[in-house]
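Asker: This is the structure I want to talk about, given as structure tokens.
What follows draws every value from the coordinates through simple rules; no lab data is involved. What you are looking at is a predicted structure, and each value in this text was computed from that prediction instead of being measured. We place every Cβ from the backbone using ideal geometry, glycine too, and count neighbours over all the protein chains shown.
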Amino acid sequence: MNHLSQQQHMRWMKVRLFTNQLSKVIFMLSAFFGLFVLAVLLYRVVSEGIGSINFSFLTGKLSTQPERAGIMGAILGTLWLMLVVAPVTMFVGVGTAIYLEMYAKKGRLVSFIQTNISNLAGVPSIVYGILGLTVFVRTLNLGNVVLAGGLTMSLLILPIVIVASQEAIRSIPFHLSEASYGLGATKWQTIQRVILPSALPGILTGAILSLSRAIGETAPLVVIGIPALLIPFPGSIMDRFTVLPMQIYYWTLDASLVAEYANLAAATIIVLLVTLFILNSTAIIIRNKFGKVE
Amino acid sequence: MITIKDKSNIREMIEQNQKSNLLRRKVERLIPIFLMLLASLSIITTIGIIWTLLSETVEFFKRVPLVDFYTGTVLKPLSQNPEFGVLPLLMGTVTSSLIAMIVAAPIGLMAAIYLSEYASPKVRKVVKPTLELLAGVPTIVYGFFAFTFVTPLLREFIPNLQATNILSPGIVMGIMIIPMIASLSEDAMSSVPRSMREGAYGLGATKLEVTRRVVIPAALSGIISSFVLGISRAIGETMIVTIASGSTKNFSFDITQSMQTMTAYIVEVTGGDAATGSTVYYSLYAVAMTLFVFTLLMNLLARFVSKKFREEY
């Protein structure tokens, strides 16, 4: 029969406790690694780009000379793009969510649509670009204009808006709609006057977060063919346009030729990140302030 | 008081009410149909994607045999005697995704372990959303970061690293995927019941032993599916590799060289204004189809793993 030697046991115990402590430190470092990289990234971007940000950079036109280039066209292009994406995704996304949550009978069809939506969410954005290029730009012959880009982006973020709206609608307590039905309201009246108003904060949060995804997305627009040339400011949805990420893309590519373009790219990144930060903070404020439904 | 005089008024009221009820009933009947049309848009999108890719891919395979495409190691779409072999692109995609996973899988998993098992609720409440900020950074920004910072940094240690190479975007893609793996794995680990941990503690196990022998095996399906989703994300990532890995169609294992991925090829071809109807133009769709099938399979696999092998407690 083997007896445990106390000494051996003590030594083994020490090893176990030591690896336990060591692993804790390693796990913690991994968790903070991401934050460290984020800090480095922000520091790099700000230190490279902040010098180029001034009034004329923000309000100026694109130029072939780096020191005279401005990003007003890209800012306006981003705004125009959002003017297409926001209403389209809100309308279709919320409509789909209402149908799935309130009208459709749970069964094969709903689970098919649901699976389809989650599959669409996993499709790479560049594939949406090809869809947009083929259908909107070529087949419908829209050309590479705001409308074509906006519809492509809408398809890309639609799954996110649908899922967020569904969750918002699902979280509305049952007794609210029951009370409405009890007063003799019809289904649509209940949806219109009870469910949607209470679900609005959740829907808006999801919509804003998905819009910020669309603002930062580049790949589909590259495929659609946003020109690197100097184009006039867009004035309608049928105008050609450029957006902030596209400008970052072209300037980053140019940076290997002329070093100053790296500063312009960094400065544009600052503008883009500040925009996204404001949008995301708004979403969080809406969620915290109006999110609780009794 | 209603007098005889008002009778006609009442009749009017009833009629009006019936009319408006009729309208309301019509609206009630039309709304679901209208909403169903909106909901079917997501299915139309899927059909649109598949139809677009498929019809042009078929056209491509009429010109370039399917076997040549999937076994060819040379891709020269724009040369005098063009050759269309997709293997260089597959190599670039697989290599960059592998590098990304070598970075993201261990760090993401360990971060998840820290958040789920070690961190106090207070720390978790700060670290988790901040980590998710990392996931919200646009990929073009990561591309800039890879090209202007990570590559020059790596060149300090690896002198023969090219200015555009597959290593640097691979690493940066890994960093991009960390929050996704951390967050999904953490969800899986948090749902392991506390009683299982307590049982192991009662037997004298240390925290590390509990994590390794109890929590991770119990949450394995969720962890693996988060890895698979990470790979799928890396395969479909476009801007980071386009900017930082260049457009050399190299069929090699040398990660210090420029390699083109499937996504970067699509960008190159569409950016180059390939004439509609040319073989180069159709090759775009064949590559996109391959990419689409790859990521779809990965996503289905992730869902299969997390459903099939989930341990129910």
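Asker: Put +1 on the Cβ of every Lys and Arg and -1 on every Asp and Glu Cβ in the protein assembly as shown; which of B:Val280, B:Asn165, B:Ala146 then has its Cα farthest towards the positive end of the dipole?
Answerer: It is B:Ala146.
Asker: Measure up B:Lys122/B:Lys308; B:Lys128/B:Lys207; B:Lys76/B:Lys308 against 32 Å on the Cα-Cα distance and list the ones that go over.
Answerer: Values: B:Lys122/B:Lys308 34 Å; B:Lys128/B:Lys207 21 Å; B:Lys76/B:Lys308 43 Å.
Flagged as over cut-off: B:Lys122/B:Lys308; B:Lys76/B:Lys308.
Asker: I need A:Asp254, B:Asp68 ordered by Cβ neighbour count within 10 Å, fewest first. Could you put the intermediate results ahead of the total?
Answerer: Numbers: A:Asp254 17, B:Asp68 13.
If I rank by nearby Cβ atoms, fewest first, I get B:Asp68, A:Asp254.
Asker: Considering just Cα atoms, how many Å³ per residue does the convex hull of the stretch B:71-181 enclose? Intermediate values should be presented prior to the final figure.
Answerer: Values: hull volume 14.9 nm³, N = 111.
That works out to 134 Å³ per residue.
Asker: Enumerate the residues in the stretch B:77-107 having an amide nitrogen under 13 Å from the point lying 7 Å beyond the Cα of A:Ile26 toward its Cβ.
Answerer: Counting only backbone N, you get B:106-107.
Asker: Taking neighbour Cβ counts within 10 Å as the exposure measure, how do A:Arg193, B:Arg233 sort from fewest upward? Please report the intermediate quantities before stating the final value.
Answerer: On the way: A:Arg193 12, B:Arg233 23.
Lowest count first: A:Arg193, B:Arg233.
Asker: Taking K and R as +1 and D and E as -1, what net charge do the other residues with C-beta under 11 Å from the C-beta of A:Ala69 add up to? Walk me through the numbers before you get to the answer.
Answerer: Working: positive: A:Lys61, A:Arg68; negative: A:Glu67, A:Asp254, A:Glu260.
With Lys, Arg at +1 and Asp, Glu at -1, the net is -1.
Asker: For a Förster distance of 22 Å, can you work out the FRET efficiency between the beta-carbons of B:Met196 and A:Met10, rounded to the nearest 0.05?
Answerer: Numbers: r = 29 Å, r/R0 = 1.30.
That gives a FRET efficiency of 0.15.
Asker: Also, quick follow-up: Relative to the present Cα-Cα distance, how much length would full extension add between A:Tyr43 and A:Ser56 at 0.36 nm per residue of separation? Working shown, then result.
Answerer: Details: separation 13, 0.36 × 13 = 4.68 nm, distance 2.35 nm.
Length gained, A:Tyr43 through A:Ser56: 2.3 nm.
Asker: Radius of gyration and Dmax for chain B's Cα atoms, expressed in Å?
Answerer: Taking only Cα atoms of chain B, I get Rg and Dmax of 28.0, 104 Å.
Asker: For the stretch B:211-225 and the stretch B:148-173, what is the separation of their C-alpha centers, rounded to whole Å?
Answerer: Between the Cα centre of the stretch B:211-225 and that of the stretch B:148-173, the gap is 33 Å.
Asker: At q = 0.08, 0.10 Å⁻¹, what log₁₀ I(q)/I(0) does chain A have when each alpha carbon counts as one equal point scatterer in the Debye sum?
Answerer: For chain A at q = 0.08, 0.10 Å⁻¹, log10 I(q)/I(0) is -0.51, -0.70.
Asker: To the nearest 0.05, how large is the calculated FRET efficiency for B:Arg213 and A:Phe91 if R₀ is 51 Å and r is the Cβ-Cβ distance? Mind dumping the intermediate values first?
Answerer: Details: r = 52 Å, r/R0 = 1.01.
Given R0 = 51 Å and the Cβ-Cβ separation, E is 0.50.
Asker: Let me make sure I get this right: for the stretch B:4-63, a, b and c are the square roots of the gyration tensor eigenvalues over alpha carbons, sorted descending. Under 1.5 in a/c it's rounded, otherwise prolate if a/b > b/c, else oblate. Which is it? Please list the in-between numbers first.
Answerer: Numbers: a/c = 13.63, a/b = 7.40, b/c = 1.84.
It is prolate, given that a/c is not under 1.5 and a/b is the larger ratio.
Asker: I'd like to verify something in chain A: which complete DSSP H helices, judged by Cα projection on the helix axis, reach 24 Å or more and average at least 1.6 on the Kyte-Doolittle scale? Let's see the in-between values first.
Answerer: Values: long enough: A:6-49 (64 Å, 0.64); A:72-98 (38 Å, 1.96); A:146-170 (34 Å, 1.63); A:196-216 (29 Å, 1.23); A:260-290 (45 Å, 1.37).
Once both thresholds are applied, what remains is A:72-98, A:146-170.
Asker: Same structure again: Full-extension gain between A:Leu83 and A:Phe112, please, as 0.36 nm times their residue separation minus the C-alpha to C-alpha distance.
Answerer: Details: separation 29, 0.36 × 29 = 10.44 nm, distance 3.11 nm.
This chain segment gains 7.3 nm when fully extended.
Asker: OK, next. Per the Kirkwood formula on distinct C-alpha pairs, the Rh of the stretch B:18-113 is how many angstrom?
Answerer: Working: mean 1/r = 0.0530 Å⁻¹.
Taking the inverse mean of 1/r over all distinct Cα pairs, the stretch B:18-113 comes out at 18.9 Å.
Asker: Here is a follow-up. With everything on Cα atoms, drop me the angle between helix B:121-136 and the longest principal axis of chain B, reported from 0 to 90° to the nearest 10.
Answerer: For helix B:121-136, the angle is close to 80 degrees.
Asker: Which three extents, in angstrom, do the Cα atoms of the stretch B:113-260 have along their principal axes, listed largest first?
Answerer: Taking the Cα atoms of the stretch B:113-260, the three principal extents are 57, 31, 28 Å.
Asker: Sticking with this one: Given R₀ = 56 Å, what would the calculated FRET efficiency be for A:Gln192 paired with B:Ala275, taking r from the Cβ atoms and rounding to 0.05? Present the calculation step by step, with values, prior to reporting the outcome.
Answerer: On the way: r = 51 Å, r/R0 = 0.91.
Computed FRET efficiency for A:Gln192 and B:Ala275: 0.65.
Asker: Sorted from fewest to most neighbouring beta carbons within 10 Å, what does the list A:Lys14, A:Lys105, A:Lys24 look like? Please list the in-between numbers first.
Answerer: Values: A:Lys14 10, A:Lys105 7, A:Lys24 18.
Ranking A:Lys14, A:Lys105, A:Lys24 by Cβ neighbours within 10 Å, fewest first, gives A:Lys105, A:Lys14, A:Lys24.
Asker: Averaged over all directions, how much area does the convex hull of the C-alpha atoms of the stretch B:147-189 cover when projected, in nm²?
Answerer: So the mean shadow area of the Cα hull is 3.5 nm².
Asker: Compute the acute angle (0 to 90°) between the alpha-carbon long axis of helix B:87-113 and the principal axis of greatest extent of the alpha-carbon atoms of chain B; round to the nearest 10°.
Answerer: Its long axis makes an angle of about 70 degrees.
Asker: Roughly how tilted is helix B:167-190, in degrees to the nearest 10 and between 0 and 90, from the longest Cα axis of chain B?
Answerer: 50
Asker: log₁₀ I(q)/I(0) of the protein assembly as shown at q = 0.07, 0.12 Å⁻¹, via Debye over equal Cα point scatterers, no solvent, to two decimals?
Answerer: Treating every Cα as an identical point scatterer, log10 I(q)/I(0) equals -0.50, -1.31.
Asker: Now, a different point. Once label points are set 7 Å from the Cα along Cα→Cβ at both B:Lys26 and A:Glu67, what is their separation, rounded to one decimal in nm?
Answerer: In this crude spin-label approximation the distance works out to 6.9 nm.
Asker: Using Stokes-Einstein with the Kirkwood hydrodynamic radius over Cα pairs, what translational diffusion coefficient do you get for the stretch B:227-313 at 10 °C and a viscosity of 1.306 mPa s, in µm²/s rounded to a whole number?
Answerer: Details: Rh = 14.8 Å.
In µm²/s, the coefficient rounds to 108.
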